[in-house]
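Okay, so here's the structure we're looking at.
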Amino acid sequence: MLYETIGYQLTRPVVRPPKKTSAWLTSFDYQTGTWSEVKWVVAKVEWQLGEWYPRVGFIVTNLQIGLEVVVEFYNQRGTTGQWSKQGKYVLKWTWLSCHRVEDNQVRLQLFSLAYNWANFLPRLALPNGVQHWPLTTLRERLIKVGAKIVRHAWNVTFQMVEVAILGKLYGVLLRGIVRLKMKSP
């Protein structure tokens, strides 16, 4: 029924293909047999370059605000869901295998702390070239790095695997963290 309502937007225009992605938003009232009241539906039809069929999305909402604002709001909620999946699959924060509830609470808090640290680190301390790295790449290239601690007299040296990460990047990262420490009260 929803596709029939916006059927006029699902046919490919008979003109030269556009040079950029085009999207149309429309809204309408809709009620199924099981709903007790009429809901507002926002439909987004997006024609991507090189694709034969449009991408269609529907948002059923009770927010009575502008179409663009509704789409932006629900897109942000989707982004939050992506972040939760990163925590679940990369940090494995759903593996709460302790026998006591209190222990699992502490473990989940540590996972949340690690997740927040991993998300704030790129924004605050990493150089622009690597800020776009996903959490998996950050974990593999910055955190899980093989190193050997060598102590000699008063010096302590980290001998790191050279292939894993460039020394310059680690230097920039450490200087960024030091700058953060200086800024804090």
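Numbers for the structure displayed
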| item | result |
| --- | --- |
| Karplus-derived HN-Hα couplings along segment 21-37 (A = 6.51, B = -1.76, C = 1.60, θ = phi - 60°), whole Hz, x at Gly and Pro | 5, 10, 9, 10, 10, 8, 9, 7, 8, 8, 8, 8, x, 8, 7, 7, 9 |
| Least to most buried among 115, 53 (fewest other Cβ within 10 Å first) | 53, 115 |
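Where a number appears in this text, it was derived from the coordinates with a stated rule and is not lab data. Treat the numbers as computed from the prediction; the structure is a model and nothing was measured. Here Cβ is always computed from backbone atoms with ideal geometry, including for glycine, and neighbour counts include all displayed protein chains.
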